[in-house]
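The values are calculated or read from the model by the stated rules, or taken from the named source; none is laboratory data. This structure is a prediction, so every number in the text was calculated from the model and none was measured. Cβ coordinates were reconstructed from backbone atoms using ideal geometry, including for glycine residues, and neighbour counts include every protein chain displayed.
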Amino acid sequence: MKTLNDFNFKDKKALIRVDFNVPLNDKFEVTDATRIVSAKPTIIKILEDGGSCVLMSHLGRPKGVQEEFSLKHIVNKIEDILGVEVKFSPNCVGPEAEKMANALQPGEILLLENLRFHEEETKGDRDFAKQLSKLGDIYVNDAFGTAHRAHASTTIVAEFFPENKCFGSLLAQEIESIKKVMEDGEKPVLAVLGGAKVSSKITIIENILDKVNHLIIGGGMTFTFIKAQGGSIGDSICEDDKMELALDILKQAEAKGVKIHLPVDVIAADAFSNDANTQVVDVKHIPDGWQGLDAGPKSIENFDAVVNECKTILWNGPLGVFEMENFSKGTIELGNSIANATKNGAFSLVGGGDSVAAVKQFGFENKVSYVSTGGGAMLESLEGKTLPGIAAILD
Ligand code: AMP
């Protein structure tokens, strides 16, 4: 696996695929710069070597050229974060971009306009990738968030750098973190899977049963399992057509020696609302008219014991409707348990969509070992898929 350390960038131009798909407000100001900050180590290492950087990214989902999706809006923010002037090319390919890239001196940075202003980007067009490849000597992929897409800038362009391609430090860290959990994690290994639906997590569950010793299943998924086992779940969310599969998963887990932990009690509400009446009930005896929206106190205690017994922990998906304060306790307490286990030496990885949002919202970001930057890319990695953007560098 080639990383930045395998190259000396002195007098070289690095063509770097970054993920600067940052949220903007209606004044086109960056409201969360995490993704820019995450790319900083890669860019600084190349500049310090005496090289220059050509940065390419997408922003949003434009249909053709649309001013509001221009990357020019974020130039100042990048300059603030890097402390270096950033030049801007109003097209990501073509004579002007080539001229600007050629003129780039060691220590300088050029940002290209939104790749997705050209539909060839998402189509993975080879000719478009070839045009991009003219802008650098070494291709660096540091965009984990798009590594599951075989787009021109994330995958196809690597073909034109058979020897001179590598992972940036962010992408390398993502790969290492996933490997630590899925391949060589210290045992016992635990996965906590929450979120709304079994259907969106099935492939992950099936893949993960071969990797873990313990599996905590929480959130809305719980009720498909509980109903399948004969419990009464009231009005809780449930996928009836997945009940058989749920029983099959339980059987597979038993055969593989994986211990499954489901909530034993829940906070039930009489409406899907923060203002609803609530009561703590046994997960198998939820009255009609009530729905389970968070893990109950006994479940939280049980999960805490499991988490603190484990040396490697993966967390994907909240344990309740954490967006509503009255149903956020299960998710917060799980975060506390994982933070505590991490303090005591466990490796913890949080990844994929809503759990990342929860971790940030409740301030656990610096109390776990690693928070993944990629939603879809993380989920596909957990499903056991090889991501095209990663495969293209490994080739
Ligand atoms: P996912 O994207 O699959 O990780 O699902 C995250 C969503 O699941 C969040 O928006 C939560 O509000 C929701 N969720 C978690 N627990 C429950 C529950 N018991 N009932 C309904 N939705 C839930």
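Odds and ends about this structure:
- Residue satisfying all of: in the stretch 220-254; among the acidic types (Asp, Glu) and over 17 Å from residue 283 (Cβ atoms); farthest from the ligand (Cβ to nearest atom) among these: 254
- Pair list, Cβ < 8 Å and 6+ apart or interchain, from the stretch 8-21 residues that are among the β-branched types (Val, Ile, Thr) to residues that are at pLDDT below 95: 18/35
- Residue 180 being in a helix (DSSP H, G or I) and either farther than 21 Å from residue 301 by Cβ or at pLDDT below 95 (or both): yes
- A search for C-beta distances below 7 Å between a residue of the stretch 227-240 that is acidic (Asp, Glu) and any residue that is within 14 Å of the ligand (Cβ to nearest atom) and assigned to a loop (DSSP other than H, G, I, E, B), counting only pairs 6+ apart in sequence or on different chains, returns 235/290; 239/197; 239/198; 239/199.
- Subset of the stretch 352-383 (residues that are of a type in the set (Asp, Glu) and away from the ligand (no atom under 11 Å from the Cβ)): 365, 380, 383
- Selection of the stretch 119-145 for residues being assigned to a helix (DSSP H, G or I), within 23 Å of the chain's Cα centre (by Cα) and buried (at least 24 other Cβ atoms within 10 Å of the Cβ) yields 121, 144, 145.
- Selected residue (criterion: surrounded by the most Cβ atoms within 10 Å (Cβ to Cβ)) from residues of the stretch 43-74 that are of a type in the set (S, T, N, Q) and over 24 Å from residue 137 (Cα atoms): 70
- Taking residues in the stretch 75-95 that are in a loop (DSSP other than H, G, I, E, B) and surrounded by fewer than 17 Cβ atoms within 10 Å (Cβ to Cβ), and partners anywhere that are modelled with pLDDT of 95 or more and among the small types (Gly, Ala, Ser), the pairs with Cβ atoms closer than 8 Å and at least 6 places apart or on different chains are 84/107; 91/97.
- Of 272, 303, all but one fail to be among the aromatic types (Phe, Trp, Tyr), over 20 Å from residue 234 (Cα atoms) and within 16 Å of the ligand (Cβ to nearest atom); the exception is 303.
- Of the residues making up the stretch 96-118, those that are in a loop (DSSP other than H, G, I, E, B), more than 27 Å from the chain's Cα centre (by Cα) and crowded, with 16+ Cβ neighbours inside 10 Å number 2.
- Flag if residue 273 is touching a strand residue (DSSP E or B) at 6+ places or on another chain (Cβ under 8 Å), of a type in the set (Ser, Thr, Tyr) and within 26 Å of residue 323 (Cα to Cα): no
- For first residues located in the stretch 265-293 and assigned by TED's automatic domain parsing to the domain that holds residue 229, partners that are among the basic types (Lys, Arg) and surrounded by 15 or more Cβ atoms within 10 Å (Cβ to Cβ) and lie 6+ apart or on another chain with Cβ distances below 8 Å form the pairs 265/298; 267/329.
- Residue 217 vs. criteria within 16 Å of the ligand (Cβ to nearest atom), of a type in the set (A, V, I, L, M, F, W, C) and out of contact with any Ser or Thr (no Cβ under 7 Å at 6 or more places or on another chain): yes
- Scanning the stretch 58-107 for residues that are closer than 22 Å to residue 44 by Cα and among the aromatic types (Phe, Trp, Tyr) returns a single hit, 88.
- As a summary of the residue check, residue 349 satisfies the conditions (1) modelled with pLDDT under 95; (2) buried (at least 24 other Cβ atoms within 10 Å of the Cβ); (3) away from the ligand (no atom under 11 Å from the Cβ) except for the one numbered (1).
- Checking the stated criteria, residue 311 turns out to be in contact with a Leu (Cβ under 9 Å, 6 or more places away or on another chain) and among the basic types (Lys, Arg).
- The stretch 310-330 - residue that is within 8 Å of the ligand (Cβ to nearest atom), surrounded by 17 or more Cβ atoms within 10 Å (Cβ to Cβ) and of a type outside the set (A, V, I, L, M) and, of those, farthest from residue 372 (Cα to Cα): 327
- Failed item, numbered, when residue 192 is tested on (1) assigned by TED's automatic domain parsing to the domain that holds residue 261; (2) assigned to a loop (DSSP other than H, G, I, E, B); (3) touching a residue at least 60 places away in the same chain (Cβ under 8 Å): (2)
- In the set 386, 342, only one residue is part of a helix (DSSP H, G or I) and surrounded by fewer than 21 Cβ atoms within 10 Å (Cβ to Cβ); that residue is 342.
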